[in-house]
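The values are calculated or read from the model by the stated rules, or taken from the named source; none is laboratory data. In this text the structure is predicted, and so the values were computed from the model without any measurement. Please note: Cβ atoms are built from the backbone with ideal geometry, for glycine as well, and neighbour counts cover all protein chains shown. Ligands, DNA and RNA are stripped out before the accessible areas are found, and what is left, the full protein with its side chains, is counted by its heavy atoms. Shrake-Rupley method; radii C 1.70, N 1.55, O 1.52, S 1.80 Å.
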Amino acid sequence: MPDPRRLLADIRPLREYPAYRRLWIGQSLSSVGSFMTGVAVAIQVYDLTGSSFAVGAVGLATFLPTVVLGLLGGSIVDAVDRRKLVLITSLGLMAVAIALTLQAFLDLRQVWLLYVLAAIGAGFAAVDMPARRTITARLLPPERLAAAAALHQLNFQVTLILAPLLAGVLTAAAGPGAVYVADVVTFLAVLYGVYQLAPMPPHGGGTTVSFRAVADGLAYAKRNRLIASIFLTDLFATGLAMPSALFPALATTHFHGGPETVGLLYSSIGIGGLVAAVFSGPLSHLRYQGRAMLAAVAVWGLSIGAVGFTSTLWLAIALLILAGASDIVTTVFRATILQVNTPDELRGRLNSLDFVIGAGGPRVGDARAGAVAGLTDPVVSIISGGVACALAVAVQAATSRTLSRYKA
């Protein structure tokens, strides 16, 4: 009889590798703190302006540094000691949290300052996240990377649920300054975990920090059919079938609900992701990871599209939970395939490209969904996006066997 424990998340990377365990704990705490800060900034901007547009402008302020430093940051990661770089970026993010704390307790009430600090934080994060991923690939053997990716997603899904609740409670009890203080404290755990690591210079002596180095990374991604395929597959999922922008309209016009219905639709994908991350144990044992990734994106698209065919709320929630679970499978195997098949001297640039695609793809998807809904209606938009995603994956699987034939 199969051991039921194999269904649960594979924690062997945490149990067997103390350095990774310290890093993961620090990153988990820091993720909660950073997400709490994002919520607190949004609350503070709205309190100061009373404008939802002003809150949305925080995203615009962070977009440019995310893309530019996300791409250029990859060449930085491949040029210097990754341990030292993460220490610097973590200290930079901690400094931003301290600045947010000071402006809150001094009651400066300057919206422009919040935009500037959010943009600076986004710039540090765009270099920090890819650098941390390269450290994971150096700490663990290839056969543990799928489990590590699943553990990262488990942390991410818990953060999505826990951080907004904590931010709301702390802000209500003591103001946004208390949230920023909590964020500062979480960085101590990150700094401790990274400081304990041995130096991690890039293999081969590293590269120069330049746009030419960025171009070399892009050229490698284009030339390597497997890596190009995983990026393209992810763009199919986010660029064609991202449903988030449609939830407020669907809740009102299609499911005849109110704000609570909007909240249920948003949280359903996160719930599915959390369940899949908790029961991600079997993912560590799958060899045809590319085939699983293609199937998961197809399930994502079909589940999202099917939401438009039902006016029953509980069924729509079930479909979104299924979509969230399939998204975890896609994310785990994209991360695993990328780490295993990227040379160490290019790992920073490729992880940066993955970060930019992961951050930009959903924004493209939201824009597509909103534009189609504006020309037609939200139901047509969600159905057409889901169907287009599933068809795109089917065409990719039929015309290019690189990903479907890949074995771990």
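Computed quantities for the displayed model
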{"item": "Selected residue [hydrophobic (A, V, I, L, M, F, W, C) and more than 30 Å from Thr207 (Cα to Cα)] from Leu72, Leu87, Leu93, Leu100", "result": "Leu100"}
{"item": "Hits in the range 6-29 (condition: part of a helix (DSSP H, G or I), surrounded by fewer than 16 Cβ atoms within 10 Å (Cβ to Cβ) and aliphatic (A, V, I, L, M))", "result": "Leu7"}
{"item": "Residue pairs meeting the criteria (Cβ under 8 Å; at least 6 apart or on separate chains; first closer than 14 Å to Ala131 by Cβ, in the range 199-218; second open to solvent by 40 Å² or more (accessible area, probe 1.4 Å) and outside any helix (DSSP H, G or I))", "result": "Pro201/Val80; Pro202/Val80; Gly206/Val80"}
{"item": "Test: residue in the range 61-71 that is open to solvent by less than 30 Å² (accessible area, probe 1.4 Å), in contact (Cβ under 8 Å) with a residue 12 or more places away in the chain and within 18 Å of Ala182 (Cβ to Cβ)", "result": "no"}
{"item": "Matching residues, the range 327-364, being within 12 Å of the chain's Cα centre (by Cα) and hydrophobic (A, V, I, L, M, F, W, C)", "result": "Ile328, Val332, Ala335, Phe355, Val356, Ile357, Ala359"}
{"item": "Selection count, the range 8-25, where residues are among the hydrophobic types (A, V, I, L, M, F, W, C) and closer than 23 Å to Arg83 by Cβ", "result": "5"}
{"item": "Candidate set: the range 180-208, residues that are closer than 23 Å to Ser75 by Cα, assigned to a helix (DSSP H, G or I) and open to solvent by 20 Å² or more (accessible area, probe 1.4 Å); chosen: the one modelled with the lowest pLDDT", "result": "Gly205"}
{"item": "Cross-chain or 6+ apart pairs with Cβ under 8 Å, the range 257-286 first and within 21 Å of Met242 (Cα to Cα), then hydroxyl-bearing (Ser, Thr, Tyr) and buried (at least 21 other Cβ atoms within 10 Å of the Cβ)", "result": "Gly272/Ser326; Ala276/Ser326"}
{"item": "Wholly enclosed helices (runs of 4 or more DSSP H) of the range 274-389 bearing at least 3 residues of a type in the set (Ser, Thr, Tyr) and crowded, with 21+ Cβ neighbours inside 10 Å", "result": "313-340"}
{"item": "Matching residues in the range 218-236 - criterion: being within 13 Å of Leu403 (Cβ to Cβ) and either open to solvent by less than 40 Å² (accessible area, probe 1.4 Å) or of a type in the set (S, T, N, Q) (or both)", "result": "Asn224, Leu226, Ile227, Ala228, Ser229, Ile230, Phe231, Thr233, Asp234, Phe236"}
{"item": "Yes/no for Ala251 being without any contact (Cβ under 8 Å) to a residue 24 or more places away in the chain and either crowded, with 16+ Cβ neighbours inside 10 Å or not in a helix (DSSP H, G or I) (or both)", "result": "yes"}
{"item": "Filter result for the condition that a residue is of a type in the set (A, V, I, L, M, F, W, C), over 24 Å from Ile161 (Cα atoms) and assigned to a helix (DSSP H, G or I), over Val41, Val32, Val45, Val67", "result": "Val67"}
{"item": "Residues satisfying the stated conditions in the range 94-130, i.e. over 19 Å from the mean Cα position of the chain (by Cα) and open to solvent by less than 40 Å² (accessible area, probe 1.4 Å)", "result": "Met94, Val96, Ala97, Ala99, Leu100, Thr101, Gln103, Ala104, Val111, Leu113, Leu114, Leu117"}
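The rows are residues; the columns are (1) out of contact with any Asp or Glu (no Cβ under 6 Å at 6 or more places or on another chain); (2) closer than 30 Å to Phe124 by Cα.
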{"site": "Leu315", "(1), (2)": "yes, no"}
{"site": "Thr330", "(1), (2)": "yes, yes"}
{"site": "Thr336", "(1), (2)": "yes, yes"}
{"site": "Arg349", "(1), (2)": "no, yes"}
{"site": "Val356", "(1), (2)": "yes, yes"}
{"site": "Arg368", "(1), (2)": "yes, yes"}
{"site": "Val393", "(1), (2)": "yes, no"}
